[in-house]
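Colleague: Mind having a look at this structure? Questions to follow.
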Amino acid sequence: MRLRYLFLALVLAGIAYLALWPVPIDPVAWEPLDPPSTESGAHAYNEHLRGVERLAEGVGHGPEAIDIDDQGRLYTAFEDGRVMRFDADGTDGKLLATTRGRPLGLDVMADGSLIVADAIEGLLRVSDGYAYTLSVTADGTPYRFVDDVVVNADETVAYFTDASSKFGIHETMANAFEHTPHGRVLAYDLETDRVRVLAEDLYFPNGITLGPDEQYLLFNETTRYQIKRHWLKGERAGETEVLVENLPGFPDNITFNGEDRFWVALYAPRNPTLDALMPYPFLRKVAYRLPEAVQPLPELHGYVLAISPEGELLADLQYAGEGAYGPITSAIEHDGALYLGSLSAPAIGRIALDALPALTPETPPDDASAAPSGAEADADAGPGGAAEPEVGAPESSGSAPDEGRSAETTDADAAADAAADDASTADETELMKELQRERAAQREADDADAGDDAAGEGEGADADADAGTE
């Protein structure tokens, strides 16, 4: 009997703990869009990152971001605070400084010094063997999670992100479970030492980079699964909008190759359990009280996207098999290769671009698409709204049915087009020609019934279809 009462008391105590124990988070309800399909379409699983080689393996853990100088040398920083430089092949490592914090993003300057985003110490400059503090607060609010940085071409301004003014680097799950906008994008003037807030009330702003001609900044909002654009020049200077929403994973760092594409590192695919909890603040508090081992944690899955300046998906690169390099937190293109960084891996990753699929907008995002021009700057509004057409969708292989053409004609067109798509041998070519002849005969019959005007339309459509087949 006593054991029964003791068991009941323990159960009640557990329920009370899960429901009532104070937690540092104050969640707000949010309903994410249904994630893009990972079974088919543009984001279906693939193994394009299977062949990643390791550089500087064993030197340190967590080369979270990579930068490369004009000589092809690699710069990165490790979880123990060391900032280092390597030759292009990962050899001849040289210690540049130790920050005493957790250096994440970095940008190498023309004189060899580095501007470093340190999650604990703030915005730093590494030079002559030391790490100097540049900024630790803006508008009276201290930084809690300085995450990434990019410097403009004339080296006068360092643009950087503070992912949260409430939670630090060791409280990332608190950030995810609370899901409130405590992040900012800032600009530090390297000549006057002044800092400005460019955008605020952001959901974990993470990686940041400059776009073509430095017209704008792109930065990732990790917990909103989206990429935002902040205009620096032109009529829209000062405005912030969503460029790509509803990504298939948690976007981390982002880089620009200087020409025609951005590389977006995804820390991990989206977690269905976490997405399901988002509309329910109380349940998120309960989940936060659970032991970490049973919380919805990200899986090890190497994942990188390439997108165009217009937000079109150019490539989806993955690998989650044995020996996968990950979690990938940065990807930077240089001299025919893609260099990869990781928050915890013991090496820098590298894979040749010619080992990857063609980087063209032939395969559109399944659900992630460019936001409409002039999208709202208010982060609270979220990525919801009316669905937009898929960005970069390939054009149909045949002409659309003309008005006045019969259903039978449309069916014949579809059959001919299907055969044309499958044709790869001489026999299939003959079959395709036969179907075309049948389609032409059907159209002639329809044209006779539809009259002279319809006949003209049918001939134009027939010519278009024949040209496409040839």
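Colleague: Could you please give the count of residues in the stretch 115-128 that are more than 14 Å from Ala153 (Cα to Cα), open to solvent by less than 10 Å² (accessible area, probe 1.4 Å) and part of a strand (DSSP E or B)? Give the derivation first.
Modeller: Pass one, the stretch 115-128, residues more than 14 Å from Ala153 (Cα to Cα): 116-128.
Subset that is open to solvent by less than 10 Å² (accessible area, probe 1.4 Å): 116-119, 122-124, 126.
With the extra rule that they be part of a strand (DSSP E or B), the set shrinks to 116-118, 122-124, 126.
So the count comes out to 7.
Colleague: Of the residues Ala56, Ala65, which is at positive phi and surrounded by 17 or more Cβ atoms within 10 Å (Cβ to Cβ)?
Modeller: Exactly one residue qualifies, and that residue is Ala56.
Colleague: Also, quick follow-up: Farther than 29 Å from Ile254 by Cα, out of contact with any Pro (no Cβ under 6 Å at 6 or more places or on another chain), among the small types (Gly, Ala, Ser) and surrounded by fewer than 23 Cβ atoms within 10 Å (Cβ to Cβ) - does that describe any residue in the stretch 287-303?
Modeller: yes
Colleague: Another question, if that's okay. Residues of the stretch 129-141 being under 13 Å from Asp118 (Cβ atoms), open to solvent by 60 Å² or more (accessible area, probe 1.4 Å) and not hydrophobic (A, V, I, L, M, F, W, C), which ones?
Modeller: Tyr132, Thr133, listed by residue number.
Colleague: Moving on. Can we say Val197 is surrounded by fewer than 17 Cβ atoms within 10 Å (Cβ to Cβ) and touching a residue at least 24 places away in the same chain (Cβ under 8 Å)?
Modeller: The answer is yes for Val197.
Colleague: Confirm whether Ala174 is assigned to a strand (DSSP E or B) and either farther than 25 Å from Ile66 by Cβ or modelled with pLDDT of 95 or more (or both).
Modeller: No: the conditions fail for Ala174.
Colleague: For Arg73, work out the one condition from (1) at pLDDT 95 or above; (2) over 15 Å from Val108 (Cα atoms); (3) surrounded by 13 or more Cβ atoms within 10 Å (Cβ to Cβ) it doesn't fulfil.
Modeller: Here Arg73 meets the rest and fails (2).
Colleague: Cβ contacts < 9 Å: first residue part of a loop (DSSP other than H, G, I, E, B), restricted to the stretch 278-303; second residue surrounded by fewer than 18 Cβ atoms within 10 Å (Cβ to Cβ) and among the polar types (S, T, N, Q), any location; separation 6+ or different chain. Result?
Modeller: Gln295/Thr273; Pro296/Thr273
Colleague: I would also like to ask the following. Considering only the stretch 226-241, I want to know if a residue exists there that is in a strand (DSSP E or B), touching a helix residue (DSSP H, G or I) at 6+ places or on another chain (Cβ under 6 Å) and either under 17 Å from Asp316 (Cβ atoms) or in contact (Cβ under 8 Å) with a residue 60 or more places away in the chain (or both).
Modeller: Checked the stretch 226-241: no residue is in a strand (DSSP E or B), touching a helix residue (DSSP H, G or I) at 6+ places or on another chain (Cβ under 6 Å) and either under 17 Å from Asp316 (Cβ atoms) or in contact (Cβ under 8 Å) with a residue 60 or more places away in the chain (or both).
Colleague: Given the residues Ser165, Ser113, which is the only one that is touching a Ser or Thr at 6+ places or on another chain (Cβ under 8 Å), on the phi < 0 side of the Ramachandran plot and free of Cβ contacts under 8 Å to residues at least 24 places away in the same chain? Before you say what the answer is, go through the steps one by one.
Modeller: On the way: Ser165 fails: free of Cβ contacts under 8 Å to residues at least 24 places away in the same chain.
Answer to the check: Ser113.
Colleague: Further, regarding this structure: Output the number of the condition that Gly321 fails; it satisfies all remaining conditions of (1) assigned to a loop (DSSP other than H, G, I, E, B); (2) under 21 Å from Gly58 (Cβ atoms); (3) not hydroxyl-bearing (Ser, Thr, Tyr).
Modeller: (2)
Colleague: Cβ-Cβ distance below 7 Å, separation of 6 or more or different chains: which pairs start in the stretch 333-360 with a residue that is touching a residue at least 40 places away in the same chain (Cβ under 8 Å) and at positive phi and end on one that is part of a loop (DSSP other than H, G, I, E, B) and among the small types (Gly, Ala, Ser)?
Modeller: Asp335/Gly72
Colleague: State all residues of the stretch 147-159 that are in a strand (DSSP E or B) and more than 18 Å from Tyr75 (Cα to Cα); if no residue qualifies, say none.
Modeller: If we filter the stretch 147-159 for residues that are in a strand (DSSP E or B), which is where we start, we get 147-151, 157-159.
Scanning the stretch 147-159 gives Val157, Tyr159.
Colleague: Another question, if that's okay. For the stretch 37-53, what are the residues that are surrounded by 15 or more Cβ atoms within 10 Å (Cβ to Cβ), farther than 11 Å from Ile348 by Cβ and touching a Gly at 6+ places or on another chain (Cβ under 8 Å)?
Modeller: Leu49, Arg50
Colleague: Follow-up. Look through Leu96, Leu106 and report the one residue that is among the aliphatic types (A, V, I, L, M) and more than 22 Å from the chain's Cα centre (by Cα).
Modeller: Leu96
Colleague: Can you name the residue in the stretch 166-194 that is closer than 30 Å to Arg289 by Cα and of a type in the set (S, T, N, Q) and, of all such residues, is surrounded by the most Cβ atoms within 10 Å (Cβ to Cβ)?
Modeller: Looking at the filtered set, the residue picked out is Asn175.
Colleague: Being among the hydrophobic types (A, V, I, L, M, F, W, C), surrounded by 19 or more Cβ atoms within 10 Å (Cβ to Cβ), more than 25 Å from Val264 (Cβ to Cβ) and touching a Lys or Arg at 6+ places or on another chain (Cβ under 9 Å) is the requirement here; does Ala97 meet it? Before the answer, list the steps.
Modeller: Values: among the hydrophobic types (A, V, I, L, M, F, W, C): yes; surrounded by 19 or more Cβ atoms within 10 Å (Cβ to Cβ): yes; more than 25 Å from Val264 (Cβ to Cβ): yes; touching a Lys or Arg at 6+ places or on another chain (Cβ under 9 Å): yes.
Yes; evaluated as a whole, the condition is true for this residue.
Colleague: Here is a further query. Check Ala287 against each of (1) under 19 Å from Asp148 (Cα atoms); (2) among the small types (Gly, Ala, Ser); (3) modelled with pLDDT under 95 and name the one condition it does not meet.
Modeller: (1)
Colleague: Still on this structure, I have one more. I'd like the residue in the stretch 247-269 that is closer than 15 Å to Leu218 by Cβ, open to solvent by less than 10 Å² (accessible area, probe 1.4 Å) and not hydrophobic (A, V, I, L, M, F, W, C) and, out of all such residues, is farthest from the chain's Cα centre (by Cα).
Modeller: Filtering first and then ranking leaves Asn253.
The values are calculated or read from the model by the stated rules, or taken from the named source; none is laboratory data. These numbers were taken from a predicted model, which means no experiment stands behind them. Here the Cβ is made from the backbone with ideal geometry for all residues, glycine too, and neighbour counts use every protein chain on show. Please note that ligands, DNA and RNA were not included when accessible areas were found on the heavy atoms of the full protein model with its side chains. Shrake-Rupley method; radii C 1.70, N 1.55, O 1.52, S 1.80 Å.
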